[in-house]
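Novice: If you scroll down you'll find the structure; I have some questions about it.
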Amino acid sequence: MPRIERTAEVVWEGNLARGEGRVSAGSGAFSDLPYSLPSRISRPEGKTSPEELLAAAHGECLTMSLAGELTGAGTPPGRLDTSVRIVMDEVEGQGHQIVASQVEIAAAAAGVDAEALAAAVAAADEGCPFSMLLKRAGVQVDIAARLA
């Protein structure tokens, strides 16, 4: 696989408590998504946060990896529904840290039983660069998968 590079442009205006930022994807897939401290630590109110974007990135990566594993086993998925919750918590002496990524997957794939799904999920987790990045950083990655 070739080297992959992607970009994002981020702007912040104002102080931390009352300021606001915007993030845009270099690809043009999204533009001027607003974010702020309140959207990060309390109510999102239609704004995103770094943790939400990380949840999306981990979910996308893992879902594509699982689709590849199932397809390679001759049982391509009809549909994969993935939900990811990124957990940030206070870690003694380290401030706020990402401590967990909790993933739930519902897989519809003809010819796949629970054992085959579990094996495909384990391989997908190992093949997902975001899972590996999170684990190397000491983040607990939990994946629950079920047949849909």
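Rule-based calculations on the coordinates, nothing more; no lab input. Because the structure is a prediction, the values reported are computed rather than measured. Note that each Cβ is placed from the backbone with ideal geometry, even for glycine, and that neighbours are counted across all protein chains shown.
Novice: Kindly identify the range 19-70 as rounded, prolate or oblate by the Cα gyration tensor criterion: order the square roots of the eigenvalues as a ≥ b ≥ c, call it rounded if a/c is under 1.5, otherwise compare a/b with b/c, prolate if a/b is larger, else oblate.
Specialist: oblate
Novice: Under DSSP H, which helices of the chain have Cα atoms covering 18 Å or more of the helix axis and a Kyte-Doolittle average no less than 0.5?
Specialist: Length and hydropathy pass: 114-127.
Novice: To continue, here is another question. For ALA109, what residues show an amide H to amide H distance below 5 Å, using hydrogens built from the backbone and excluding near sequence neighbours?
Specialist: Close amide H contacts, sequence-distant or interchain: GLY78, ALA148.
Novice: Based on the alpha-carbon gyration tensor of the range 1-144, what equivalent-ellipsoid semi-axes (square roots of 5 times the eigenvalues) come out, in whole Å, largest first?
Specialist: For the range 1-144, the semi-axes come out at 32, 18, 14 Å.
Novice: Using a/c under 1.5 as the rounded threshold, could you call the range 92-148 rounded, prolate or oblate? The axes a ≥ b ≥ c are square roots of the C-alpha gyration tensor eigenvalues, and prolate needs a/b larger than b/c, oblate otherwise.
Specialist: prolate
Novice: For ARG22 and GLU92, what does the FRET efficiency come to when R0 = 35 Å and r is the distance between their Cβ atoms, rounded to the nearest 0.05?
Specialist: 0.55
Novice: Right, another one. How much length is gained if the chain between ASP142 and SER42 is pulled fully straight, taking 0.36 nm per residue apart and subtracting their Cα-Cα distance, in nm to one decimal?
Specialist: 33.6 nm
Novice: Which one of SER83, SER31, SER65 has the biggest mean-square fluctuation once the chain is modelled by GNM with Cα springs under 10 Å?
Specialist: SER31
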